[in-house]
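A.B. asks: One structure coming up, written as structure tokens, with questions to follow.
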Amino acid sequence: KRVSLPNMKPQHAVETIIRRIFVVHYQPQHQVSEINWSGDVINVYSGQQTLNSPYYLSFDSNDRLFVANCGSHQVLLLNSSLQLERVLLNEEHQLAQCPWRLCYIEQKDQLVVGSSGSKCVQVFIVR
């Protein structure tokens, strides 16, 4: 199914197990939005202090979102209501510059992070 998003410039989207749709986009600012199947915005995280070039999303079975926040060299963890739980990874965790892609492996509590700035892949244990 195609969902029209005329007021967004989507970068990446995911559909969770219970059919919730989340989108990283740049219109009117850097945001993570939950949308319905009609394209209506249900909820938004704009995190003006934290979002800087978010590129990619992954999620867990509780619909918490991992956000690759390239411009701030961080991975953010948002709860299912799109509120910031915490900065999950950053330079203090030896995260490479510009996290670009994510894959969460829930059975192992592993987050695989591909970084374009350092041209590497890293694996972190996250709990």
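Since every read-out is calculated from the coordinates, none of them should be taken as a lab result. On a predicted model such as this, the values are computed, not experimentally measured, just so you know. All Cβ positions, even for glycine, are placed from backbone atoms using ideal geometry, and neighbour counts span all protein chains on display.
A.B. asks: Would you point out the residue of segment 25-43, among those that are surrounded by 14 or more Cβ atoms within 10 Å (Cβ to Cβ) and β-branched (Val, Ile, Thr), that is farthest from the chain's Cα centre (by Cα)?
C.D. replies: Val41
A.B. asks: Condition first: surrounded by fewer than 14 Cβ atoms within 10 Å (Cβ to Cβ) and β-branched (Val, Ile, Thr). Now tell me which residues in segment 96-120 satisfy that.
C.D. replies: Listed by number, the list holds a single entry, Ile105.
A.B. asks: Please determine, by comparing only the residues of segment 32-64 that are of a type in the set (A, V, I, L, M, F, W, C) and in contact (Cβ under 8 Å) with a residue 12 or more places away in the chain, which one is farthest from Val87 (Cα to Cα).
C.D. replies: Trp37
A.B. asks: Mind telling me which of the residues Val113, Val67 ends up being of a type in the set (Val, Ile, Thr), in a strand (DSSP E or B), free of Cβ contacts under 8 Å to residues at least 60 places away in the same chain and under 23 Å from Ile18 (Cβ atoms)?
C.D. replies: Just one listed residue meets the conditions, Val67.
A.B. asks: Further, regarding this structure: State which residue is surrounded by the fewest Cβ atoms within 10 Å (Cβ to Cβ) when the search covers only segment 9-20 and only residues that are over 15 Å from Tyr56 (Cβ atoms) and of a type in the set (A, V, I, L, M, F, W, C).
C.D. replies: Ranking the qualifying residues of segment 9-20, first place goes to Ile18.
A.B. asks: Just checking, how many residues over segment 44-93 are among the polar types (S, T, N, Q) and loosely packed, with under 14 Cβ neighbours inside 10 Å?
C.D. replies: Qualifying residue count, segment 44-93: 6.
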